[in-house]
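The values are calculated or read from the model by the stated rules, or taken from the named source; none is laboratory data. Owing to the predicted nature of the structure, the values given are computational and were not obtained by experimental measurement. Cβ atoms come from the backbone with ideal geometry, glycine included; neighbour counts cover every protein chain shown.
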Amino acid sequence: MKKPVVAAIVAMDEGRLIGKNGGLPWHLPEDLKHFKQLTTGHVVVMGRKTWESLPAKFRPLPGRLNVVVSRTPALIDAPAEVLRAASPEEALRLACEAASGEQKVWVIGGAELYAATLPLCDEVHLTVVAGHHEGDAWLAEFEGAFALAEERAGESCRFLSFRRAEAP
């Protein structure tokens, strides 16, 4: 069986800000719809803080196999169907093993998990939110290893898709 595509999905502002107090610094229904549309039916990998930031009624994210990464996975308060991993590498291994057919593995945050997994991703789906917001978590630069594949304007943001650049 072929290895599934590993993709990161993230929203950032013009200053690369992605988080505030464990959550998002903004509420953009358009971006949330985009996130749901892309990730439903696939496997999502998230850090413990991202897991805890999800409203209880959306935990685990419905229609997706959820994998949560924590240095202490046994302490993650989650239903049995949620996979737990002690490292980003273990989480991606579990997610790739669990993915079937045409499913993708989506890395959905937070900042530490993105920093650890972006070098392993095949794609990055980026929402760019206009302006500069207040927060405490930023996205590491990744663009040098990727090529812009698609860009479209939304009503309140821009959606960019990157694919890993081919080695020269």
Exercise for the section: Scan segment 89-109 and give yes if some residue there is more than 21 Å from Phe35 (Cβ to Cβ), in contact with a helix residue (DSSP H, G or I) (Cβ under 9 Å, 6 or more places away or on another chain), at pLDDT below 95 and among the charged types (D, E, K, R), otherwise no. Expected result: no
Completion exercise
Those residues of segment 40-58 which are more than 17 Å from Val10 (Cα to Cα), in a loop (DSSP other than H, G, I, E, B) and either aliphatic (A, V, I, L, M) or at pLDDT 95 or above (or both) amount to Gly41
Exercise for the section: Being surrounded by fewer than 13 Cβ atoms within 10 Å (Cβ to Cβ) and not charged (D, E, K, R) narrows it down to one of Gly101, Gly109, so name that one. Expected result: Gly101
Problem - Sole residue being within 24 Å of Asp136 (Cα to Cα) and more than 16 Å from the chain's Cα centre (by Cα), chosen from Gly15, Gly23 - result: Gly15
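Mind listing whichever residues of segment 2-19 are touching a residue at least 12 places away in the same chain (Cβ under 8 Å) and either more than 16 Å from Val128 (Cα to Cα) or touching an Asp or Glu at 6+ places or on another chain (Cβ under 6 Å) (or both)? It would help to see each step written out before you state the result.
From segment 2-19, those touching a residue at least 12 places away in the same chain (Cβ under 8 Å) are 3-19; that's our starting set.
Within segment 2-19, Lys3, Pro4, Val5, Val6, Ala7, Ala11 qualify.
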Completion exercise
Exactly one of Glu90, Glu150 is charged (D, E, K, R), exposed (fewer than 14 other Cβ atoms within 10 Å of the Cβ) and either assigned to a strand (DSSP E or B) or out of contact with any Gly (no Cβ under 8 Å at 6 or more places or on another chain) (or both), and that one is Glu150
